[in-house]
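Asks: Got a structure here, written out as structure tokens. Questions coming.
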Ligand code: ADP
């Protein structure tokens with residue numbers, strides 16, 4: 001789960017794992033999804049049977065992987081982790097599925113990026129706990145059915161819309177994760193500061209939470225940068241001054257927009273006169289993959305009212321023009 005818009009991801013992975021809440025009760029925010037998932041898991045526990053398969057969708061860094069691990073912990077089952085891009089052949093998937101023990105959880109990240117053949121095998125396996133292994137080639141090839149122990153798939157995707165309907169329908173529970181409230185991010189940051197053993201005052205925490213794009217992964221990363229700043233230039237504590245100066249250094253602006261967000265708005269306004277412009281043209285203009293612009297930058301810009309999607313393309317709102325310090329043209333979207 002690499003967020004392509006962010007450099008320096010690798011150092012993050014180990015720390016991220018350490019900062020993950022382990023149980024549902026320790027997971028702040030997303031109260032709807034948390035309550036729904038809690039019910040599904042509790043009912044399964046009482047029936048002593050695996051729960052329905054779970055699909056989690058939403059932008060990167062909101063806690064899909066964390067929740068998948070929590071599903072395993074709450075069920076008292078190990079979690080096997082793989083991802084769509086890692087399964088290119090149906091055979092890779094057959095090998096994983098046939099090695100799962102009864103009740104185990106299979107976490108499939110980026111499930112929308114599996115090959116078509118693997119997808120078909122997966123939805124049959126999810127429904128009937130069976131895979132057909134093809135032996136031989138050409139006219140002599142035969143399908144040998146292989147029984148599987150019942151298991152639970154937790155799928156994660158940034159693009160639920162890309163999943164073919166037959167696969168989507170096999171998930172009995174779908175949870176959509178949305179950007180976090182600032183107060184939830186504050187809770188997360190206080191907990192993380194404790195785990196990282198840095199002292200942080202409420203003003204410092206508030207400053208970081210308000211500028212984390214509603215995303216725990218970003219909040220935790222900014223916390224570490226503010227801690228760095230505090231240790232080098234400050235008094236070692238995360239306070240408002242440290243937060244303010246460190247966030248400026250790392251190109252997070254007052255509204256919490258990062259470099260990618262701003263370059264999307266900048267291209268939209270300065271190069272395309274505010275749009276409408278197609279997504280792929282916009283992506284080329286900022287030198288990013290279409291997927292990155294669409295799943296990382298755009299949802300947040302739409303959510304916060306800087307960018308609008310129209311049938312003719314992406315359009316900058318009045319807020320976007322003003323944010324860049326430009327005059328909005330007549331008739332700009334409010
Ligand atoms: P995703 O799989 O959606 O990209 P992750 O589950 O990997 O996101 O979360 C990214 C980071 O954010 C993890 O380090 C995790 O500690 C943190 N995180 C995500 N959601 C929460 C939450 N609700 N509470 C605390 N930390 C969270």
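The values are calculated or read from the model by the stated rules, or taken from the named source; none is laboratory data. Keep in mind that what you see is a predicted model, and the values were worked out from it rather than measured. Cβ atoms come from the backbone with ideal geometry, glycine included; neighbour counts cover every protein chain shown.
Okay, residues lined up against (1) touching a residue at least 60 places away in the same chain (Cβ under 8 Å); (2) farther than 23 Å from residue 292 by Cβ; (3) in a helix (DSSP H, G or I):
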position	(1), (2), (3)
18	yes, yes, yes
25	no, yes, yes
29	yes, yes, no
36	yes, yes, yes
49	yes, yes, no
59	yes, no, no
65	yes, no, yes
69	no, yes, yes
73	no, yes, yes
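Asks: Considering only residues that are exposed (fewer than 15 other Cβ atoms within 10 Å of the Cβ) and away from the ligand (no atom under 12 Å from the Cβ), look in segment 168-181 and name the one that is nearest to residue 33 (Cα to Cα).
Replies: By that ranking, first place goes to 172.
Asks: Can residue 226 be described as within 17 Å of residue 322 (Cβ to Cβ), modelled with pLDDT of 95 or more and within 28 Å of the chain's Cα centre (by Cα)?
Replies: Criteria not met by residue 226.
Asks: Kindly indicate the residue of segment 199-209 that is under 26 Å from the mean Cα position of the chain (by Cα) and within 16 Å of the ligand (Cβ to nearest atom) and also surrounded by the most Cβ atoms within 10 Å (Cβ to Cβ) among those meeting that condition.
Replies: Out of the qualifying residues, it is 208.
Asks: Is it true that some residue in segment 84-97 is within 14 Å of the ligand (Cβ to nearest atom) and in contact (Cβ under 8 Å) with a residue 12 or more places away in the chain?
Replies: Yes, there is a match, as at least one residue in segment 84-97 is within 14 Å of the ligand (Cβ to nearest atom) and in contact (Cβ under 8 Å) with a residue 12 or more places away in the chain.
Asks: Give me the residue from segment 195-209 that is in a helix (DSSP H, G or I) and modelled with pLDDT under 95 and, out of that set, nearest to residue 26 (Cα to Cα). Spell out how you get there, then give the answer.
Replies: Let us first name the residues in segment 195-209 that are in a helix (DSSP H, G or I), namely 195-196, 202-209.
Now drop any that are not modelled with pLDDT under 95, which leaves 195-196.
Values: 195: 13, 196: 17 Å.
Within segment 195-209, the match that is nearest to residue 26 (Cα to Cα) is 195.
Asks: Can you tell me which of 189, 195 is touching a strand residue (DSSP E or B) at 6+ places or on another chain (Cβ under 9 Å) and within 16 Å of the ligand (Cβ to nearest atom)?
Replies: Working: 195 fails: touching a strand residue (DSSP E or B) at 6+ places or on another chain (Cβ under 9 Å).
Being touching a strand residue (DSSP E or B) at 6+ places or on another chain (Cβ under 9 Å) and within 16 Å of the ligand (Cβ to nearest atom) holds for just one of 189, 195, which is 189.
Conditions (1) within 13 Å of the ligand (Cβ to nearest atom); (2) at pLDDT below 95, marked per residue:
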| position | (1), (2) |
| --- | --- |
| 4 | yes, yes |
| 8 | no, yes |
| 18 | yes, yes |
| 25 | yes, yes |
| 36 | no, no |
| 39 | no, no |
| 49 | no, yes |
| 62 | yes, no |
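Asks: When residues of segment 210-224 are filtered for being within 15 Å of the ligand (Cβ to nearest atom) and assigned to a helix (DSSP H, G or I), how many remain?
Replies: Residues meeting the conditions: 9.
Asks: Moving on. Return the total of residues in segment 130-161 being surrounded by fewer than 13 Cβ atoms within 10 Å (Cβ to Cβ) and either within 16 Å of the ligand (Cβ to nearest atom) or part of a helix (DSSP H, G or I) (or both).
Replies: Selection size over segment 130-161: 4.
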